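Colleague: First, the structure itself, so that you have it in front of you.
Laboratory data are not the source of any read-out in this text; all were calculated from the coordinates shown. Everything numeric here is computed off the predicted structure, so don't read it as measured data. Ideal geometry is used to build each Cβ from the backbone, glycine not excepted, and the neighbour counts take in all protein chains shown.
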Amino acid sequence: MKLFVSLAALLLFAADPGADRVPFPTDYAEKFQSIRVANKTAQTLLGTIYANEKAASLEDLTGLPYPNGSVIVMEWAQPLKDDKGALLLDANGLWRKGTVVRVDVMRRETGYGESYGDKRSGEWEFASYRPDGTLLQPLDAAASCAECHRGATAERDFVFRGRFPPLDKK
């Protein structure tokens, strides 16, 4: 059996060899479990955190590290506003979700994160997408995501919240 690959696909792979390591999960809102919703007040965004079955299986810190194959999706949306520009709240006091503007994805597998060098945060790799699934930034820029997640510490497997309580501020 012969394998035919388009020139465009070869060029895409050459330009972004890690593009398949943290793919955009097109069906995350239907197939993943929503594990947290929070207002991100510093950026006026509503974050909805989704986890695939493997990542959602962890319900407390004692189960860490996350199993390989875990995928966590952080969906960022602009909150809805009324006609006077005031943010609209839901019954839980959270902003009501408007237009999704960014989807960040992290995936854990053996050996992942090595390409981030000293910015590595465990065996996680990261990608940021537009809502249509196109890359928002080059994958090599994801090292900044890894560097930030180092702040969540190895004790939390470099995940800030998931289902967990907030980090203690020391």
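Colleague: With the cut-off at 1.5 for a/c, could you classify region 96-170 from its C-alpha gyration tensor as rounded, prolate or oblate? The partial results should precede the final answer.
Modeller: On the way: a/c = 2.16, a/b = 1.18, b/c = 1.83.
Since a/c reaches 1.5 but b/c is at least a/b, the shape of region 96-170 is classed as oblate.
Colleague: While we're on this one: Using the Cα gyration tensor of region 11-108, with a ≥ b ≥ c the square roots of its eigenvalues, what is the shape: rounded (a/c below 1.5), prolate (a/b larger than b/c) or oblate (neither)?
Modeller: In terms of gyration-tensor shape, oblate.
Colleague: In whole Å, what is the distance between the alpha-carbon centres of region 21-63 and region 64-113?
Modeller: Between the Cα centre of region 21-63 and that of region 64-113, the gap is 7 Å.
Colleague: Could you point to the residue in PRO65, THR48, TYR28 farthest towards the positive end of the chain's charge dipole, with +1 and -1 charges on the Cβ of Lys/Arg and Asp/Glu respectively?
Modeller: Highest projection toward the positive end goes to THR48.
Colleague: Under the classification rounded if a/c is under 1.5, otherwise prolate if a/b is larger than b/c and oblate if not, where does the chain fall, given a ≥ b ≥ c as square roots of the Cα gyration tensor eigenvalues?
Modeller: Working: a/c = 1.88, a/b = 1.29, b/c = 1.46.
Oblate shape, in that a/c is at least 1.5 and b/c is the bigger or equal ratio.
Colleague: DSSP loop (so not H, G, I, E, B), at most 12 other Cβ within 10 Å: list which GluC sites (Glu not before Pro) in region 24-99 pass both filters.
Modeller: Listed in order of number, the matching sites are GLU59.
Colleague: Right, something else. Could you work out which residue, out of TRP124, TRP95, TRP76, moves most in a Gaussian network model of the chain, that is, has the largest mean-square fluctuation with Cα springs under 10 Å?
Modeller: Between TRP124, TRP95, TRP76, it is TRP95 that shows the largest mean-square fluctuation.
Colleague: Additional query: Multiplying the sequence separation of ASP118 and LEU64 by 0.36 nm and subtracting their Cα-Cα distance, what value in nm do you get?
Modeller: 17.2 nm
Colleague: State to the nearest 20 debye the size of the charge dipole of the chain about its Cα centre, where the only charges are +1 on K and R beta carbons and -1 on D and E beta carbons. All intermediate terms of the calculation are to be shown ahead of the outcome.
Modeller: Values: 22 positive and 23 negative charges, 74 e Å.
It works out to roughly 360 debye.
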